Amino acid sequence: MSNFKFQIINPLLHNELRLKIMVALDSLESTDFMYLCRITDSTRGNVSVQITTLKEAGYIHVTKTGMGRFSHTVCRITNTGREALHAYEEGLRRLFSQQVPNQEEPQTEQEVG
């Protein structure tokens, strides 16, 4: 039996919206919340949830100024976030370059169905 396992990739970044936010912040260094909503074509609620998840992971830093309707939120990627994003990218490259070994034993009908 083979010990082969696929390359493990970061499940936190394996979410389309979180990945878009991280790629944007990696390029821009920092940007405001509304710009992230526009470039990801996502709602404020969805972006807010994903920003909270990324912040709790230590991948981004969030600064809020003002209050209520007049608040301004700026997001900035952290060194930890940048390292995680680049490791995720490398992990995907390795995943696609892996060669899955041939099946060593033919499957029985019970294993197939």
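Among the listed values [x] 110; [y] 148; [z] 97, the one computed from these coordinates for volume of the Cα convex hull per residue in Å³ is [y]. Of all lysines in the structure, those lying under 20 Å Cα to Cα from residue 55, and not within fewer than 8 positions of it along the same chain, are 20, 64. Ranking of 97, 27, 42, 48 by solvent-accessible surface, largest first: 27, 97, 48, 42 (1.4 Å probe, protein heavy atoms only, all chains present). Exposed loop sites here mean GluC sites (Glu not before Pro) with a DSSP loop assignment and at most 13 other beta-carbon atoms within 10 Å; the chain contains its longest site-free run at 30-103.
The Cα atoms of region 1-52 cover 52, 22, 17 Å along the three principal axes, with the biggest extent listed first. Ordered from largest to smallest accessible area (heavy atoms of protein chains, 1.4 Å probe), the residues 38, 76 come out as 38, 76. Ranked by solvent-accessible area (1.4 Å probe, protein heavy atoms only, all chains present), the residues 51, 8 order from largest to smallest as 8, 51.
The values are calculated or read from the model by the stated rules, or taken from the named source; none is laboratory data. None of the values given here were measured: they were computed from a predicted structure. Positions of Cβ are backbone-derived with ideal geometry, glycine not excepted, and every protein chain shown enters the neighbour counts. Just the protein is used for accessible areas: all its heavy atoms, side chains included, with ligands, DNA and RNA removed. Shrake-Rupley method; radii C 1.70, N 1.55, O 1.52, S 1.80 Å.
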